[in-house]
Every structure is written in C-alpha cells, then in structure tokens.
C-alpha cells in the first residue's frame, strides 16, 4: 500500500473542503459564519483521514479488508453498528417528521429500534458462526455455492443501490441547503471521501469512521436535548405541556386537520399533536411499513457484514446489545429534538427551508446557540452540519463496502474463480470493485438530482425483508430449506417488492402534480357546505390494497363540513402580502410577512416548474394515470410472499447438499465450533 498516496488523498480531501468556499452560495448558514462550518468540516475530515491512514497500514489480507481481521470488540462493533444504522434519515428525517407531525414521526423511531430485537434473537450469533464475509457466504454454507452466491450478490447490490442513492441525494441536498455548496460538488465530495475510507482502509477504516460518527452524533444530540429540555427542568410533563400550549404547534395542527380545526379549542389542537393520525393515516400502510422496518434490518447486507468483524459469538451478542442501547437512547432523544424544534423554531420556518422538515435539528441547534445572528448559534449549527455530513459519508462507506464485497467476493472469487483466487487477487478485486461501486454511486447521485428518492430507503428495507430475510432465516432454522427454494424466494421477494412500489403512490403521477400546481397558481373557488358522510364499507380486504374495478374502498365517517372560502392564487396572494407589508411598522410583523412572501414565491416557482416539466404528460413511468397498488410500502404483500416461495420451492424440489449440510450447520450455528476458522474455509 502506497502510504504517500493516502496522505495525498487526505490532503486532497482537506483542500476540497476548503476550496468549496468559492462555490458556496445561499444556505442556512450566513456568509460571515461559513468559515466556522468549513473549519469544523475540515477537522472531522482530517481526523477520519488519519484513521484511514492508520488502518491502511494494517490492511493486507482479505480477512482484514472485509472483516477487519475479526479483531473488533463487542463494544466497538456496537458503536460501529449504531454508526452504520443511524443514517441521515434517522438524525434529520425523524426529527423533522416529529417537528411537523408530532406523535406519528416518533413511530419511525420505535420501528427501527424494535428491529434490533429480531437481529439479536435470530440473526447475529448464527450468522457470525457460519459466515465468512458476506450474505452469500451464509447461504452458500449449506446450499449450492455458485447459485446462492449469485442471487445473494444480486440482492445485496440491489438493496445497497436503493439505499445508496437516497443517501447520496440526501447528502447533496443537505450540504447545499445548509451552506450553499453546489449539489454536484457536494455529491462528489461525499463520494471521494467514502472511496478513500473503503479503498485504502477497508473494513477497519470504515468501522472506526462509523464509531467516530456515532460518538459525534450522540454527543450533538445530547447537547441539543440538554439545552432544549433543560428550560423545563428536565420534566417530561412540563415539556409536553409546553408543546400542547405552543401557538406554533396549534397552528400547524390546525393546518393539518383542516375543517375539523374550527370545532377544536387551542388546547385540543395542541393535544392532537401528541396523538396519532396526522401523518400516518392508513392503518394498513402503517402495518406494512412496520413489517419492512422491523424485518428489513435483519436482512440489510451492510448490517450483516458487521457480525463477521468480531472474534467470538459472545462478542456478536454484546455488539447487538450495545447497538440497541445506543440506538434506543438516540431515538428517545429524537422526541425532544423534533418537538423542541416545533416549539422553538416552528413548523413554518422549518418547512420553508425544506418541505420534508429535514432541517429541523440544524435549525434547532442554531436557535439553541443564540439564533441566526449569533456566533455561538452558527458554531453549533456548523457542528451539527458537520455531524450530518459525517453521518452520510459513514453510512455510504458501509453500503459501498457491502456492494463491493458482493461483486468481488461472491461473483468474482466465488462464482468466476471458484474460490481459487490468491489473497492478493482477492484484495485487488475488492479494491477495484469498491472504486466501481463508488463511481456508480457518484454518478447515480448526480443523475438523481431533483428527484424524490425518499421512498428508496423504505424500498431498500422492503427488499431486504422480502428477499434476504426469508432466505437467511429459513436456511438457518428450517431443515427442508434448499437451494431451489432460496433462489426462487429471493428473486420473487425482490421482484414483488420493487414491482409493487413501481405501481404505488410513491411514483410521480403527472395528472395529480398538475392539479396541485394549478391550485397553487390559480387558487380554489369557494366550496359550499357539505353534509355529513357515513362510513363506507369495503367490498373486500383486497380493495384496501389495490384499485380494483367494482371496489368500494372503506373510509371513515366524515362530519358535516362548513363552507370553505375561496383561496387566491399565488400571484394574488403575493399582491395582498406586499400591500400588507407596506402598512406595517412593527418589526416582528414585518419579518413574518416577509417570510410568508418568500414561502409563497417559492411555492409559485415550484408550481410553475411542475407545470412546465409535466406539460402534456398524463401517465407515470409505468404508464399509469393513478396508482394501482394503494400502499406506499409493499411489505405486507412481498414479505409473506418471499417466505411462501422459499417454502414451496424447497418442498417441491430436493437438494442433496442442503440436506447433508444441515447437521453441520445446526451444530456450527449453535455452538460456534470451528467458527474462528471461517475466514480460512
């Protein structure tokens, strides 16, 4: 390994971080304070690049590249798992959802935490005992090696690509929104750093980068919570009472519930923020999403790889316990981060900066430090921005390593070379594959600019739960499982999950987009009062899932609605707001109207862009005018289907190798005998 090359990479990364000052435009951080952000970014990059330099000096063998030589302790691996798992969606997305929708946002925290019970009880120890480096190794232990490794590699690359795309796009948007760096430069910066970690340092560097990131993330969150919650004497009832009584929260709830707000008191509106139904309104969709989150984690390839890095089965269990503690503690903190942002910053400014609420935690940090005009506020914002950046790079590094391992170890070494490649060839193949996957990640991230990729995270979990988990679980615990069932189940599970998403509400339907844009630009006419509507009964359960002909979908009863006044279009609204601004003298009122004007201009610009972009279009990329599958997450259908196909395929066809290897697998996974030799088999 050329250590000078690594030093050059570190210097280049630092130079890139500083040189991006020249490309900085508008962002959440004021121009006079951006040097703080880049200073903090540079410090974190310098630390992680030094770790990569140190790791590269110790990474020579295949085992060291893929599994850190199985030298990671249980506690270290627990922190690394937390760093791998707590993505930008966890830190920024959940806090943002809570700030906008209250209780429903916190349900995502619960789902992702409960997922680790599945990992602890059924996955961690057995996988560590029989695996080598990848998901393919687990399946190949008792099934046909080439067939199982091929399908496992395809699934790993698919899941990693979906998750990777969301992370790269999220990283680009985050850095652009916070400090105004061009989107393309942001994506390239994330990609270059990630490649340095993986190509030079392998699993050891990736592990320590994830540990550093997890420590920074937890530290930043604890500091924010101490400042936010401390105002109420660390009393949970006092904090929640403040949430209920906050006018900004009450206004947000009134906006979300619509006509129903006219019959509710301010206290009832505030209380509604702490109750379900403001965001997750379809119970069946909630169940489907919960299944994907809880079961998908146990099938995520970059999480499974982490259990091959520890020396013993006990260390594998210890690492999961530590990960659960760290992740669980963090997700509890998101409740205070989200609701603290709701009462201190407000849903209006949060959604004005980012519609999905992803800037809630950074804006809370700026507020906690003294506001947008204070040095401490912008320093705190810089720290949180740098932590979010480190979060994205660390997660992307883990995903790239998983995809590269599938490409190099499963396909090249296992299938093409028949496990007869030399150690030097294996390491070289791993590094070349990492570069290929990294370049693909950068390209996809740039190509997906402006696209709504939020659903790709849920899709990655759905594919992992529908394809990977049934194969791994039944291979480990069901004797009749064999190669035929595993291959068929993984293919059908993945295809079903992807296919259902392609015909779901997640896709873009031009007619709906154009209708919404027209409402923004031209307003809505007055709507007369409506009579109460009784609840409809569904003709069948399938009507809840598919838009079938003749179906009468179930719907809750609706109370009588009062007359709705006409809503002006964006142009008329801007005229009225500017006229109002000319009459104001109070500074606070002027600032509020200016924010309303900015938000209206932003909405008008987006509507005009949508009208131009989708002009003449009537169908989605799948040729549908409206969604056919009505759930946003396919887990409710695709996960049971994946299990069912593995079972049927295994019962219909016999596989002598799978039967003969069962006894050895059973002893190995339960006792760990000879597991230490896995990296040599």
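Derivation of every value follows stated rules applied to the coordinates shown; laboratory data play no part. None of the values given here were measured: they were computed from a predicted structure. Note that each Cβ is placed from the backbone with ideal geometry, even for glycine, and that neighbours are counted across all protein chains shown.
Relative to the longest principal axis of the Cα atoms of the chain, helix 635-652 runs at roughly 20 degrees.
If a paramagnetic tag sat 7 Å from the Cα of residue 608 along the Cα-Cβ line, which residues of segment 565-601 would have the backbone N under 11 Å from that point? From segment 565-601, the list is 571, 601.
Between residue 284 and residue 495, the contour length at 0.36 nm per residue exceeds the alpha carbon distance by 73.8 nm. Residues of segment 195-220 with an amide N closer than 17 Å to a point placed 7 Å from the Cα of residue 61 along the Cα-to-Cβ direction: 202-205. For segment 330-371, the C-alpha radius of gyration sits at 1.05 times the compact-globule guess of 2.2 N^0.38 Å, with N the residue count. Averaging over all projection directions, the Cα-based convex hull of segment 60-120 occupies 5.3 nm² in the image plane.
Stretched out straight at 0.36 nm per residue, the stretch from residue 479 to residue 626 would grow longer than its current Cα-Cα span by 48.5 nm.
If r is the Cβ-Cβ distance from residue 582 to residue 215 and R0 is 51 Å, what FRET efficiency results, to the nearest 0.05? According to the calculation, E is roughly 0.45.
Applying 1/(1 + (r/R0)^6) with r as the Cβ-Cβ distance of residue 417 and residue 518 and R0 = 60 angstrom yields a FRET efficiency of 0.55. Counted over all Cα-Cα pairs of segment 423-516, pairs farther apart than 16 Å make up 71 percent. The distance between label points at residue 231 and residue 375 comes to 2.4 nm (points 7 Å beyond Cα on the Cα→Cβ vector). For segment 25-144, just say rounded, prolate or oblate: build the C-alpha gyration tensor, square-root its eigenvalues into a ≥ b ≥ c, call rounded for a/c under 1.5, and beyond that prolate if a/b exceeds b/c, oblate if not. Cα axes put segment 25-144 in the oblate bin. When shorter helices are ignored and each DSSP H run of at least 4 residues is given -39500 (n - 2.57), the per-residue value for the chain at 222 nm works out to -21500 deg cm²/dmol. The ratio of the alpha-carbon radius of gyration of segment 272-402 to the globular-protein estimate 2.2 N^0.38 Å is 1.31. Under the rule a/c < 1.5 gives rounded, and otherwise a/b versus b/c splits prolate from oblate, where does segment 347-389 land using the Cα gyration tensor? Oblate.
The value obtained for segment 356-426, namely the Cα convex hull volume divided by the number of residues, is 99 Å³ per residue. Relative to the dominant Cα principal axis of the chain, helix 103-118 is inclined by about 10°. For segment 257-299, the Cα-based Rg and Dmax, in that order, read 15.1, 47 Å. Relative to the longest principal axis of the C-alpha atoms of the chain, give the angle of the C-alpha long axis of helix 145-179, reported between 0 and 90° and rounded to the nearest 10°. Roughly 30 degrees between the two axes.
Ordered by the count of other Cβ atoms within 10 Å of each Cβ, fewest first, 137, 589 give 589, 137. This ranking places 188, 411 by how few other beta-carbon atoms lie within 10 Å of each, fewest first, which gives 188, 411. For 478, 322, 79, the sequence from fewest to most other C-beta atoms within 10 Å is 478, 322, 79. Taking 1.306 mPa s as the viscosity and 10 °C as the temperature, the Stokes-Einstein diffusion coefficient of the chain based on its alpha-carbon Kirkwood radius rounds to 60 µm²/s.
Segment residue 590..residue 567, full-extension length gain: 6.0 nm, with 0.36 nm per residue of separation and the alpha-carbon distance subtracted.
For segment 146-295, with equal point scatterers placed on the C-alpha atoms only and solvent neglected, what are the log10 I(q)/I(0) values from the Debye formula at q = 0.09, 0.16, 0.21 1/Å, to two decimals? The calculated log intensity ratios at q = 0.09, 0.16, 0.21 Å⁻¹ are -0.57, -1.20, -1.25. If R0 is taken as 41 Å, the Cβ-Cβ distance between residue 575 and residue 259 corresponds to a FRET efficiency of 0.95.
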